[in-house]
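Asks: A single structure is presented below for examination.
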Amino acid sequence: MSSFRKALKSRQRNHHERSQPGFRNHLGLLEKKKDYKLRADDYHKKQNTLSALRKKALEKNPDEFYHKMISTKLKDGVHIAKRKDEEEEEMTDEQKKVMRTQDIKYIEMKRVSEAKKIERLKGGLHLLNADGKQKNKHTFFVDTKEEVKSFNLAERLNTAPELVDRVYNRPTLQTLKTKSIVGATDEHSIQKIRSLSKHQYKMLSQRIDREKKMFVIAEKIQTRKDLQDSRKKVKVKKENPNSAAIYKFEAKRKR
């Protein structure tokens, strides 16, 4: 029986929907029911959306508030998250590069190494001024104004007038009479020693700066690790290139 029905269908005439009449060709293709159905569904969907939004606006609570109101903004009709300047991390390019490539243990090891080198340099230089000029003040007290007028610094220090400006290696007159000069005495050797001393002080300054930078980077890495804790926290001080951010964590009793 099914084969007979199939044979009948094979001889049926194919029915086609009529096309646009010739005198209406300028209006385009004739709309079929399936085209109308798609267009009608789209129209009703938009009308329902507008109706729901209109109802929501009428029933809106004027005192309603949620944090998205202050954390987003409208740009070209689209809501986008605001960029909070106070939450941005303030780091130099060098700090970002080191933090991406190195671990906190490596940073701490390098910092300790720099600190030891700084101590060795300080022990060799004795923290003396390279140019030999005195920066601190040394106050002398006298009893009368006449003594102030006739005050002689070289005589008071019991040294030669040429050595008054020195803050180190300033022997007394008695030492100069009884002891012989040890070390360089010509101008060329003295100048060479001064330039070497300046170079050592420059190296010391560079190493101190490097050790401070390593300390700041280690603090920032440790802060990021601490932020992974699930405890509640409040930012007390924001991050800057010279120090890590400071957070206050909720006290948690340990068992």
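The values are calculated or read from the model by the stated rules, or taken from the named source; none is laboratory data. This one's a predicted model, so the numbers in the text were calculated from it and none came from an experiment. Here Cβ is always computed from backbone atoms with ideal geometry, including for glycine, and neighbour counts include all displayed protein chains. Ligands, DNA and RNA are stripped out before the accessible areas are found, and what is left, the full protein with its side chains, is counted by its heavy atoms. Shrake-Rupley method; radii C 1.70, N 1.55, O 1.52, S 1.80 Å.
Asks: In the neighborhood of Lys233, defined by Cβ-to-Cβ distances under 12 Å, what is the net charge if each Lys or Arg adds +1 and each Asp or Glu adds -1?
Replies: Around Lys233, the surrounding residues sum to +2.
Asks: What pairs in Lys110/Lys213; Lys9/Lys33; Lys116/Lys202 have C-alpha atoms more than 22 Å from each other?
Replies: Lys9/Lys33
Asks: What residues have an amide H closer than 5 Å to that of Arg166, excluding those fewer than 5 places away on the same chain, when H is modeled at 1.01 Å from N in the peptide plane?
Replies: Close amide H contacts, sequence-distant or interchain: none at all.
Asks: What distance in nm separates the two pseudo spin-label positions at Arg18 and Lys105, each 7 Å out from Cα along the beta-carbon direction?
Replies: Placing both labels 7 Å beyond Cα along the Cβ direction yields 8.7 nm.
Asks: In the chain, carbon and sulfur make up what percent of the accessible area (probe 1.4 Å)?
Replies: Solvent-exposed carbon and sulfur of the chain make up 52 percent of the total.
Asks: Work out, step by step, the length gained on full extension between Leu38 and Lys68: first 0.36 nm times the residue separation, then minus their alpha carbon distance; give nm to one decimal.
Replies: Between Leu38 and Lys68, full extension yields an extra 7.2 nm.
Asks: For the chain, what is the charge dipole size about the Cα centre, in debye to the nearest 20, if Lys and Arg each add +1 at the Cβ and Asp and Glu each add -1 at the Cβ?
Replies: For this selection, approximately 2640 debye.
Asks: Can you tell me the orientation of helix 104-125 relative to the chain, as the angle in degrees between its alpha-carbon axis and the longest Cα principal axis, to the nearest 10?
Replies: Helix 104-125 sits roughly 20 degrees off the main axis of the chain.
Asks: Please list the non-local residues whose amide H lies under 5 Å from the amide H of Thr72, H modeled 1.01 Å from N, same-chain partners needing a gap of 5 or more.
Replies: Amide H to amide H, under 5 Å and 5 or more residues apart or across chains, Thr72 pairs with Lys82.
Asks: Now for a separate question. Express in nm, to one decimal, how much length is gained between Leu176 and Leu53 on full extension, taking 0.36 nm for each residue of separation and deducting their alpha carbon distance.
Replies: That pair, Leu176 and Leu53, stretches by 34.3 nm at full extension.
Asks: How much net charge surrounds Ala40 when only the other residues with a Cβ under 14 Å from the Cβ of Ala40 are counted, with Lys and Arg +1 and Asp and Glu -1?
Replies: Charge balance in the 14 Å sphere: +3.
Asks: Output ³J(HN,Hα) for the stretch 137-143: one whole-Hz value per residue in order, computed from phi by the Karplus curve 6.51 cos²θ - 1.76 cosθ + 1.60 with θ = phi - 60°, and x for Gly and Pro.
Replies: Once θ is set to phi - 60°, the couplings for the stretch 137-143 become 9, 10, 9, 10, 10, 10, 8 Hz.
Asks: Taking the Cα-to-Cβ direction at Leu29 and at Lys198 and moving 7 Å from each Cα, how far apart do the two end points lie in nm?
Replies: 8.8
Asks: Sticking with this structure for a sec: What full-extension length gain, to one decimal in nm, is calculated for Val142 and Lys248 as 0.36 nm per residue of separation minus the Cα-Cα distance?
Replies: Here the segment from Val142 to Lys248 would lengthen by 32.5 nm.
Asks: Next question. Could you tell me which of His16, Ala115, Thr49 has its Cα farthest along the dipole of the chain towards the positive end, charges placed at Cβ (Lys, Arg +1; Asp, Glu -1), taken about the Cα centre?
Replies: Comparing the listed Cα positions along the dipole, His16 ranks first.
Asks: For a 31 Å ceiling on Cα separation, which of these pairs sit above it: Lys73/Lys233; Lys37/Lys68; Lys192/Lys220?
Replies: Lys37/Lys68; Lys192/Lys220
Asks: Output the peptides 219-230, 24-35 sorted from most to least packed, where packing is the average of other Cβ atoms within 10 Å over each peptide's residues.
Replies: 219-230, 24-35
Asks: Let me ask something else about it. For the modelled label position 7 Å from the Cα of Lys233 along Cα-to-Cβ, which residues of the stretch 43-71 have backbone nitrogen atoms closer than 16 Å?
Replies: Label zone hits: none.
Asks: Right, something else. What residues have an amide H closer than 5 Å to that of Tyr247, excluding those fewer than 5 places away on the same chain, when H is modeled at 1.01 Å from N in the peptide plane?
Replies: The answer is Val236.
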